[in-house]
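Student: Here it is, the structure, as structure tokens.
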Amino acid sequence: MTRGMPFVARALVLPAIAVLAAGCRGESSDAQARGDMPAPGPDTAVEWFEDVAAVAGLDFVHFNGMSEPEIMGPGAALLDYDNDGDLDVYLIQGDTLGSDPPLAPRPDRAPRDRLFRNDLAVDAEGVPSLTFTDVTDESGVVARGYGMGVATGDIDNDGWIDLYLTRFGANQMFRNQGDGTFIDVSAASGADDPSWSVSSAFVDADRDGWL
């Protein structure tokens, strides 16, 4: 039996020590070289996006109920519901879940979906001024329950965009009447599925020209 470190082990350890020593010397050299490099210049990147929601009048805070550790965000849609050539905004709202929520909504503002009309204006020099107006009350859209998603499309081919709202509960379909208002056709259209629905989309599955 041979005492001490076997020959093979010594043969492997010695080159490893040499490599580590060389690496330490190299790190010091690299650090010195980095210290000689000039400092980076100022950041000249241009921001692509700017948050103008508050300035434009999009006053909306989503209420999620806060009753479970897993929270799902709301749906939203861009649609030209009044056919004026610019995109309006529909925002889905949550609601209170359970009998003892940890956080209740503001008593002066019960949770509800919101429809914002785009009142885009362009001055004589071609500069746009973006302004949104809350038209939920006059639109006739009365969304019930905890909202999840929204799909937009012309379900009756009359040239006006309609709304389909998915809920934690019965879904809702609103037909655009072309005068800035909507009518609830959920039951009549058979779109009031009482299950828990989330995402949704309109599609012409059989290519007959109807969504």
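Student: Which condition number does A187 fail, the rest of (1) crowded, with 16+ Cβ neighbours inside 10 Å; (2) more than 23 Å from A54 (Cα to Cα); (3) at pLDDT 90 or above; (4) not acidic (D, E) being met?
Tutor: (1)
Student: Which of the residues spanning segment 134-164 are within 21 Å of the chain's Cα centre (by Cα) and polar (S, T, N, Q)?
Tutor: T136, T152
Student: I need the full set of residues from segment 73-96 which are among the hydroxyl-bearing types (S, T, Y) and either surrounded by 20 or more Cβ atoms within 10 Å (Cβ to Cβ) or under 12 Å from V61 (Cα atoms) (or both), in order please.
Tutor: Y81, Y90
Student: Going through segment 183-211 one residue at a time, which ones are more than 17 Å from G75 (Cβ to Cβ), in contact (Cβ under 8 Å) with a residue 24 or more places away in the chain and not in a loop (DSSP other than H, G, I, E, B)?
Tutor: I183, D184, S189
Student: From D208, D158, D179, D192, grab the single residue that is surrounded by fewer than 18 Cβ atoms within 10 Å (Cβ to Cβ), more than 19 Å from L97 (Cβ to Cβ) and at pLDDT below 95.
Tutor: After applying the criteria, what remains is D192.
Student: Applying the selection to segment 181-201, what residues are in contact with a helix residue (DSSP H, G or I) (Cβ under 7 Å, 6 or more places away or on another chain) and of a type outside the set (D, E)?
Tutor: Of everything in segment 181-201, those that are in contact with a helix residue (DSSP H, G or I) (Cβ under 7 Å, 6 or more places away or on another chain) and of a type outside the set (D, E) turn out to be T181, F182.
Student: Ok, one more. Considering segment 195-205 alone, what residues qualify as being under 20 Å from Y81 (Cβ atoms) and surrounded by 13 or more Cβ atoms within 10 Å (Cβ to Cβ)?
Tutor: If the condition is that a residue be under 20 Å from Y81 (Cβ atoms) and surrounded by 13 or more Cβ atoms within 10 Å (Cβ to Cβ), then S200, F202 are the ones that fit.
The values are calculated or read from the model by the stated rules, or taken from the named source; none is laboratory data. Here the structure is a predicted model, which is why all the values come from computation and not from measurement. When we count neighbours, we look across all protein chains shown, and the Cβ atoms used for this are built from the backbone with ideal geometry, even at glycine.
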